[in-house]
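Read the structure below first, then the notes.
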Amino acid sequence: MAAPYQMQIAERELDRDEARKILDAGEYCVVSTVDADGCPYGVPLSYVMMGDAMYFHTGKRPGHKIDDFERDARISVAVATEVEPCYEETFFTTRFASVIAQGRIRRVEDPVEVKQALVALCMKYLPQFKAEIGGALERELDVTEVWAADFDEVRAKGGRRKA
C-alpha cells in the first residue's frame with residue numbers, strides 16, 4: 001500500500017484513540033470498492049466494531065457489492081460523526097469528525113463469530129429489542145452473511161469541532 005497522503009490541514013489529523021471513538025460512534029459507513037470495469041462503487045452500510053475489525057451484514061444473493069468483495073477484497077471505508085453545518089464570522093463551513101480506512105474485506109465463516117457480529121449489530125442499533133434477537137437470528141440466519149473489514153490504515157480528521 002502506498003504511503004498515506006499528508007493531510008491538507010495537518011493540525012486536523014486525530015490520533016488512533018480518537019479514530020477508534022469515531023468508528024465506535026458512527027451511525028453508518030460508506031464502503032467503497034472498484035468493480036470489474038474499474039468504476040468506483042460506494043454503498044452506505046450499518047456496521048459495528050468488534051476488536052479492530054468492522055462487521056456488517058448482507059443478504060446471500062449476489063449483487064454489485066458482494067461481486068466486488070469476492071473479486072477484489074480491497075476496500076475503503078468512510079465514517080463521519082459530529083456533522084454540523086455552521087456559519088463562522090464570514091463563511092459557511094461544517095464541523096465534523098471523520099475516519100477513512102483502507103483494508104480488506106472477508107466473509108465471516110465461523111458460525112460463532114457470525115452470531116456474535118449479528119447480536120452486536122442488533123444491540124448497537126436497537127438495544128431495546130434485546131429479547132427478540134434470538135428469534136430474529138433463528139429466522140434470518142439462512143439468508144444472511146456477515147463480512148468483516150480488517151484495516152491496514154486508519155486515519156481520522158476533525159474540523160472545527162466543539163471543545
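Structure data summary
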{"item": "Options Thr81, Thr93; residue that is surrounded by fewer than 16 Cβ atoms within 10 Å (Cβ to Cβ), among the β-branched types (Val, Ile, Thr) and under 25 Å from Ala156 (Cα atoms)", "result": "Thr93"}
{"item": "Test for Asp35: is it of a type in the set (D, E, K, R) and surrounded by fewer than 12 Cβ atoms within 10 Å (Cβ to Cβ)", "result": "no"}
{"item": "Scan of the stretch 115-141 for residues that are of a type in the set (Lys, Arg) and within 15 Å of the chain's Cα centre (by Cα), ordered by number", "result": "Lys124"}
{"item": "Neighbours by Cβ (under 7 Å, 6+ apart or cross-chain): first from the stretch 73-84, touching a residue at least 24 places away in the same chain (Cβ under 8 Å); second open to solvent by 60 Å² or more (accessible area, probe 1.4 Å)", "result": "Ala73/Arg104; Ala73/Arg106; Arg74/Arg104; Ile75/Arg104; Ser76/Ile100; Ala78/Ile100; Thr81/Ala25; Glu82/Arg161"}
{"item": "Unmet requirement for Val112, which otherwise passes all of (1) over 16 Å from the mean Cα position of the chain (by Cα); (2) loosely packed, with under 15 Cβ neighbours inside 10 Å; (3) touching a residue at least 24 places away in the same chain (Cβ under 8 Å)", "result": "(3)"}
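The values are calculated or read from the model by the stated rules, or taken from the named source; none is laboratory data. All figures in this text were calculated on a predicted structure; none of them were measured in a lab. We place every Cβ from the backbone using ideal geometry, glycine too, and count neighbours over all the protein chains shown. Accessible surface is based on the protein model in full, side chains and every heavy atom, while ligands, DNA and RNA are left aside. Shrake-Rupley method; radii C 1.70, N 1.55, O 1.52, S 1.80 Å.
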